[in-house]
Amino acid sequence: MPRVRSWCPYNRGFAMIPVDHPRYRSLVTREHLANCAKKGIVAWEGLIAQGRGEAFDYMLGERTTKSALQAERTAGALLLTASHPVISVNGNAAALAAHEISALQKACKARVEVNLFHRTAARVEMIENLLREAGADVFSGEAERLLPISHDRAWCRRDGMFSADVVLVLLEDGDRCDALVSMGKTVIAIDLNPLSRTARSATLTIVDELTRALPQITDTCRGISDSEKVQLISSVDNDYLLSEAIREMTARLTECSGLRNTARKN
Ligand code: PTJ
């Protein structure tokens, strides 16, 4: 691939990807995440998580579906009506969407707290700094092992995630989502995989790509009516949202396999 410089929307600097490449967005995202992994912001395992997400996004057609938009508006309503909302951020989420997280925080007045699976003090600090540079007000300070799970996602702040009533989790790995729900919290997950344990155990799952989902939630927070809030919150149905996501993916796969059959016949 020719080594040309182009605009990178993530670090607002340069990328070494030709801008006319048909998969430019995907390639620039991978390059950015790989650079963040080299710095230690993204865990190496986070690159695998991104690959899995990309595969599901491909099946969705890399677009926000009608049911995902409904979930995003519901998420906005839940965050706005919460008394103590928290946005939980890991390495991938910070690398992909620090500015979008900051904009959402301003719109819904949530606390932003870093919570990591591959936790080290150095990573926590780097991710907090990245979020602050993007304008977020990060809820930091002394963390304690407060969540009922055996791995390091148990570490959180007593006045942050531990006391939250609504938690928005961005790209999860299952156990903590379960634990937060078992603690009586409303958990909103953003996860492109509608089959994951996170997607199935959350109160509300948004099956959409993180950088598409967050601005939609922010827009909702900026301009939703009280009556729409009440209507969306009273009709949360995660099973329906997940089955719609699977139906959309199945329809697209069926459509693509139909195209192949037609091509073979011609
Ligand atoms: O930074 P850390 O240490 O907290 O580690 C973060 C990772 C992402 C490594 C950790 O949480 C992990 O291993 O996650 P999983 O179990 O791979 O789950 C990530 C989920 O997010 C998968 O179901 C992916 O399909 C989904 N996903 C990946 N990228 C995106 C995504 N969903 C929405 N938008 C994306 N960009």
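Numbers at a glance
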{"quantity": "Largest to smallest principal axis extent of the C-alpha atoms in the chain, angstrom", "calculated": "63, 44, 37"}
{"quantity": "19 Å Cα-Cα reach of Lys185 towards lysines, excluding residues that sit fewer than 8 places from it in its own chain", "calculated": "Lys109, Lys229"}
{"quantity": "Relative contact order, percent, the chain [alpha-carbon distance under 8 Å, six or more residues apart]", "calculated": "20"}
{"quantity": "The range 164-266 - charge dipole about Cα centre, Lys and Arg +1 at Cβ, Asp and Glu -1, debye rounded to 20", "calculated": "540"}
{"quantity": "Probe 1.4 Å, all protein chains present, accessible-area order of Phe117, Phe56, largest first", "calculated": "Phe117, Phe56"}
{"quantity": "Estimated 222 nm signal from helices in the chain, with DSSP H stretches of n ≥ 4 weighted -39500 (n - 2.57), rounded to 500", "calculated": "-17500 deg cm²/dmol"}
{"quantity": "Using alpha carbons only: equivalent-ellipsoid semi-axes of the range 133-257, gyration tensor based, whole Å", "calculated": "27, 19, 15"}
{"quantity": "Cβ-based charge dipole, the chain, positive-most Cα from Met126, Ile188, Val114", "calculated": "Met126"}
{"quantity": "Spread of Cα-to-Cα distances over 10 Å intervals beginning at zero, given as percent, for the range 1-101", "calculated": "13, 35, 36, 14, 2, 0"}
{"quantity": "Viscosity 1.002 mPa s, 20 °C: Kirkwood-radius Stokes-Einstein D of the range 170-242 over Cα pairs, µm²/s", "calculated": "166"}
{"quantity": "Of all accessible heavy-atom area on the chain, the percent that carbon and sulfur account for (1.4 Å)", "calculated": "54"}
{"quantity": "Computed accessible area, Lys106, all protein chains, 1.4 angstrom probe, square angstrom", "calculated": "110"}
{"quantity": "Selected from Val207, Ala136, Leu146, residue furthest toward positive end of dipole (the range 125-266; charges at beta carbon)", "calculated": "Val207"}
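The values are calculated or read from the model by the stated rules, or taken from the named source; none is laboratory data. In this text, all values refer to a predicted model and were calculated from it rather than measured experimentally. Positions of Cβ are backbone-derived with ideal geometry, glycine not excepted, and every protein chain shown enters the neighbour counts. Side chains are part of the model used for accessible areas, which takes the heavy atoms of the whole protein and leaves out ligands, DNA and RNA. Shrake-Rupley method; radii C 1.70, N 1.55, O 1.52, S 1.80 Å.
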